[in-house]
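Visitor: First the structure, which I've put down as structure tokens, then a few questions once you've had a look.
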Protein chains: 2
Amino acid sequence: MATVRDYSVEHCSLARTLEIVGERWTLLIVRDAFYGVQRFADFVAHLRIPRAILSERLSLLVESGVLAKEPGPGRREHYTLTDKGIALWPALRTLIAWGDQFYAPNGPRRYFLHADDNGEVDQAGTCLECGKLLSARDYAAVPGPAARPPGPDADVVTRTLARPHRLLDPITG
Amino acid sequence: MATVRDYSVEHCSLARTLEIVGERWTLLIVRDAFYGVQRFADFVAHLRIPRAILSERLSLLVESGVLAKEPGPGRREHYTLTDKGIALWPALRTLIAWGDQFYAPNGPRRYFLHADDNGEVDQAGTCLECGKLLSARDYAAVPGPAARPPGPDADVVTRTLARPHRLLDPITG
DNA sequence: GCAGTTAGGTTCAGTTTCTGAACTTAGCGT
DNA sequence: ACGCTAAGTTCAGAAACTGAACCTAACTGC
């Protein structure tokens, strides 16, 4: 276990990337980490991912330097994105944008805007309002037209994201 | 078969995207399609992917509108990217860029430059040489510093990519 | 027009991976 | 010490992947 899956295809950079983040669930975990999810139980509750899989994926992500595992009080360790993990934001954003383009007829359920001025951000990561070049921490996830109000028994993450939330701001369960 | 895997996680656009292109091999197939691979046998030879998997993934990609299956002479059908498929280029490019950044200490094995003037291209897709905003068809895949010369028994795709090759230009086996 | 070749699959048995539920373990508050 | 909680581990059944062998519909050469 904890071995990385191997596309023997003469290692191009895409195969390398997919060996790290290409397995089922992995990119969703990373996305949740951008939302600010840090704790095991919160990943489980939000993604409804089997605990065994989450455990294995988190280990792989830590091992490959995308996440860091930091001890908390007691067993409450938390997982946070490293710089290498944060560097995945452009890739995540373009994948999300493709889904928005083709699978969100009523508009996206979530916008990613410049947290400071609510400006839209172009593909290069430049805020159309203020012209600044943004990094992941400058974005806010904001409910879009297709967002649905969270049910009464929704998990913390869903409830937190029902209102604008700056990326990488910890969501505490 | 041909059912799409389901992340029941309240369908955000990333989950939707991953349901289409998130399975093992799928993005490598799409990348090869950008290189100009169109035929079943060429995908098999270049990716060394099991034929059963390739068959299933191609069906899924056609079904979801990323590829189109076009009849050729006899059984030589070819698969080509649709506009929806071509729209995946920015996502593919950012994923490749991440791999280049962290897993290519001696430089990438492949650059993606503006085919007309060999200019580098920024994250937004603007050529730094001529300033034009490029689409996938304007790029050329060019061997980088870490490229290795193809062996004598290399497949057509590897041999074709050993010299600059414009994206989406068909590679004929 | 028939035999051989080629391309694009399908089938199948063995292996790996995923899933969901139940169980374990370590620290914390009282 | 007692139970609670958070973070895993274990396990059996289901699904997906793998590699090799097989199949079949066009073409090709004769």
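Visitor: Output yes when any residue across region B:16-37 is of a type in the set (Val, Ile, Thr), under 30 Å from A:Ala147 (Cβ atoms) and within 9 Å of DNA strand D (Cβ to nearest atom), and no when none is.
Guide: Yes, region B:16-37 contains a residue that is of a type in the set (Val, Ile, Thr), under 30 Å from A:Ala147 (Cβ atoms) and within 9 Å of DNA strand D (Cβ to nearest atom).
Visitor: Is it true that some residue in region B:105-117 is without any contact (Cβ under 8 Å) to a residue 24 or more places away in the chain and over 22 Å from B:Arg148 (Cβ atoms)?
Guide: Looking for residues that are without any contact (Cβ under 8 Å) to a residue 24 or more places away in the chain and over 22 Å from B:Arg148 (Cβ atoms), one finds at least one in region B:105-117, hence yes.
Visitor: Given the criterion in a helix (DSSP H, G or I) and open to solvent by 20 Å² or more (accessible area, probe 1.4 Å), identify the matching residue among A:Val30, A:Val44.
Guide: The unique qualifying residue is A:Val44.
Visitor: On to the next question. For region A:93-105, does any single residue satisfy the condition of being over 16 Å from B:Ala124 (Cβ atoms), outside any helix (DSSP H, G or I) and not assigned by TED's automatic domain parsing to the domain that holds A:His46?
Guide: Yes, region A:93-105 contains a residue that is over 16 Å from B:Ala124 (Cβ atoms), outside any helix (DSSP H, G or I) and not assigned by TED's automatic domain parsing to the domain that holds A:His46.
Visitor: Under 21 Å from B:Glu23 (Cβ atoms), surrounded by 14 or more Cβ atoms within 10 Å (Cβ to Cβ), more than 16 Å from DNA strand D (Cβ to nearest atom) and within 13 Å of chain A (Cβ to nearest Cβ) - does that describe any residue in region B:120-135?
Guide: For region B:120-135, residues under 21 Å from B:Glu23 (Cβ atoms), surrounded by 14 or more Cβ atoms within 10 Å (Cβ to Cβ), more than 16 Å from DNA strand D (Cβ to nearest atom) and within 13 Å of chain A (Cβ to nearest Cβ): absent.
Visitor: A further question follows. Looking at B:Val156, is it of a type in the set (Val, Ile, Thr) and out of contact with any Leu (no Cβ under 9 Å at 6 or more places or on another chain)?
Guide: yes
Visitor: Which residues, counting only those in region A:61-109, are at the interface with another protein chain (Cβ under 10 Å from one of its Cβ atoms) and hydroxyl-bearing (Ser, Thr, Tyr)?
Guide: Matches in region A:61-109: A:Ser64, A:Thr94, A:Tyr103.
Visitor: Then there is this: Just give me the residues in region A:53-79 being surrounded by fewer than 16 Cβ atoms within 10 Å (Cβ to Cβ) and more than 26 Å from B:Val21 (Cβ to Cβ), in sequence order.
Guide: Across region A:53-79, the qualifying residues are A:Ala68, A:Lys69, A:Glu70, A:Pro71, A:Gly72, A:Pro73, A:Gly74, A:Arg75, A:Arg76, A:Glu77.
Visitor: For A:Ile53, indicate whether it is within 16 Å of DNA strand D (Cβ to nearest atom), out of contact with any Asp or Glu (no Cβ under 6 Å at 6 or more places or on another chain), within 13 Å of chain B (Cβ to nearest Cβ) and outside any loop (DSSP other than H, G, I, E, B).
Guide: For A:Ile53, the condition - within 16 Å of DNA strand D (Cβ to nearest atom), out of contact with any Asp or Glu (no Cβ under 6 Å at 6 or more places or on another chain), within 13 Å of chain B (Cβ to nearest Cβ) and outside any loop (DSSP other than H, G, I, E, B) - is met.
The values are calculated or read from the model by the stated rules, or taken from the named source; none is laboratory data. This is a predicted model, so every value here is computed, not measured. When we count neighbours, we look across all protein chains shown, and the Cβ atoms used for this are built from the backbone with ideal geometry, even at glycine. Accessible surface areas use protein heavy atoms only, side chains included; no ligands, DNA or RNA. Shrake-Rupley method; radii C 1.70, N 1.55, O 1.52, S 1.80 Å.
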